[in-house]
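Here the structure is laid out as structure tokens; the discussion comes afterwards.
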Amino acid sequence: TANLNELAVQAGLSYFGSATDNSELDDTAYVAILSDSTEFGQITPGNGQKWQYIEPSQDTFDYTSGDEIAELAEGNGQILRCHTLVWHSQLPSWVSSGTWTVDTLTSVIENHIANEVGHYAGQCYAWDVVNEALNEDGTFRDSIFSETFDGGAFLPVAFAAAREADPDAKLYYNDYNIGYSGSKATAALAIIDLIRDGGAEIDGMGEQGHYIVGSMPSQSDLENVASAYVAMDVEYAFTEVDIRFSSLPATDDGLQQQAEDYAAVVNACLNVEGCIGITIWDYTDKYSWIPNTFDGQGAACLYDEDLEPKPAYTTVSDIL
Ligand code: XIL
């Protein structure tokens, strides 16, 4: 039987991929599955390209962790999605606690992006240029960026710098809960214009897709919102999908519901011309970030902790 990425490509997507993280790469059984490009045609570094690792102090760059994942993907013949450049989280304190003007923070952003995107130029299919800039109500999230720029004016700065450093990488705005209708999706749509009105270019919108079993947006809502982005002449991707149980252990009925919930994501992407790929935020419950961040929650991935496929895996495979 065919594997997920080959099925996805046959179905018209560009890839089916997974996030991974440096600490997981000495697990040989885990790496064997991850590295099979018929299963995962694309890799995203879960942490290694974030600002705190790449530029931990001003103008000092360390590419060790990011390079390890980039080289793994390259060796496996897998597409690399690069993640992420401007984000309020995992941001070193020299940035978040610095005293900045618009001019000095512009220089800091431009220098960070010129270095990092320049370093990876030619290796990244796409960059998540700005991550999670929005609140649920569609206002800009409080951060050193929005506070210094008094709103979203840092976005065109970041996108212009990324374009200059790697003209071939697709430049994405990435966030959670922007893939179904509501204030946040409306604001995300407006971000496309904000970037263009600011003289920069944007190529893609990424819905992270961190969902909860049994409280998914409907497939039709996912499709409608994805189509609205694509109508703005950008591509679309599900970039960090996992669908977690809000309480554990997972029951058999729950695992069946989870399979239906994954089906909504996959069907939505297949049905929207311009939805180009799906990435899961690690493929196995063994290494999911969920239990560390959401106390008592988890079992969100397609493979269980023993690296065995779950019911949702079978459903995704059947749909693809
Ligand atoms: C997560 C990583 O998976 C964790 O290992 C880390 O501790 C925190 O960040 N949205 C994102 C990702 O854009 O970068 C986050 O990744 C998950 C939520």
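Computed from the coordinates by the stated procedures, all read-outs in this text should not be read as laboratory data. Note that the structure is a prediction, hence the values are computed from the model and not measured. Quick reminder, even Gly has a Cβ in these numbers, built from the backbone with ideal geometry, and neighbours come from all protein chains shown.
Please report Rg over Rh for the range 158-273, where both radii come from the alpha carbon positions and Rh follows the Kirkwood definition.
Rounded to two decimals, Rg/Rh equals 1.05.
Under 4.7 Å Cβ to Cβ, no partner at all: give me those cysteines from the chain, in residue order.
Unpaired cysteines in the chain: C301.
Report, to the nearest 10°, how far helix 102-119 tilts away from the longest principal axis of the Cα atoms in the chain, using its own Cα long axis and a range of 0 to 90°.
Approximately 50 degrees, to the nearest 10.
Looking at the chain, what % of its DSSP beta bridges pair antiparallel, to the nearest 5?
Once the DSSP bridges in the chain are tallied, antiparallel ones form about 10 percent.
Taking only the alpha-carbon atoms of the range 277-319, what semi-axes of the equivalent ellipsoid follow from 5 times the gyration tensor eigenvalues under a square root, in whole Å, largest first?
19, 11, 9
On a 0 to 90° scale, report how tilted helix 219-230 is relative to the longest principal axis of the chain, with both axes built from alpha carbons and the result rounded to the nearest 10.
With both axes taken from Cα atoms, the answer is about 30 degrees.
Could you give the size of the charge dipole of the chain about its Cα centre, using +1 on the Cβ of each K and R and -1 on the Cβ of each D and E, expressed in debye and rounded to the nearest 20?
About 440 debye.
In nm², what is the average projected area of the convex hull enclosing the Cα atoms of the range 110-197?
One quarter of the hull surface, i.e. the mean projection, equals 5.6 nm².
Add +1 for every Lys or Arg and -1 for every Asp or Glu among the other residues with Cβ under 10 Å from the Cβ of G46, and state the total.
-3
Please give the calculated 222 nm ellipticity per residue for the chain, where each DSSP H segment of at least 4 residues contributes -39500 (n - 2.57) and the sum is spread over every residue; nearest 500 deg cm²/dmol?
After summing the helix terms and dividing by the residues of the chain, the value is -12000 deg cm²/dmol.
Using Cα-Cα distances under 8 Å and only pairs 6 or more residues apart, what relative contact order does the chain have, in percent?
Answer for the chain is 16 percent.
Using alpha carbons only, how many degrees (0 to 90, rounded to 10) separate the axis of helix 183-197 from the longest principal axis of the chain?
In the chain, helix 183-197 runs at an angle near 50 degrees to the longest axis.
Tally Lys/Arg at +1 and Asp/Glu at -1 over every other residue whose Cβ is under 13 Å from the Cβ of G182; what's the total?
Once positives and negatives cancel, what remains is -4.
Among the lysines in the chain, how many pairs, 8 or more places apart or on different chains, have alpha carbons under 30 Å apart?
Eligible lysine pairs with Cα atoms under 30 Å apart amount to 5.
Over the residues of the range 21-155, compute the C-alpha Rg and express it relative to 2.2 N^0.38 Å.
Ratio of Cα Rg to 2.2 N^0.38 Å: 1.14.
Across 20 Å bins from 0, what is the distribution of all Cα-Cα pair distances for the chain, in whole percents?
Values per bin, smallest distances first: 34, 60, 6.
Between I243, F159, I33, whose Cα lies farthest towards the positive end of the dipole of the chain when Lys and Arg beta carbons carry +1 and Asp and Glu beta carbons carry -1, centred on the Cα centre?
So the residue we want is F159.
By per-residue mean of other Cβ atoms within 10 Å, what is the highest-first order of 117-123, 280-286?
280-286, 117-123
Order these peptides, 53-66, 206-219, 16-29, by their mean beta-carbon neighbour count within 10 angstrom, highest first.
Ranked from most to least packed, the peptides come out as 206-219, 16-29, 53-66.
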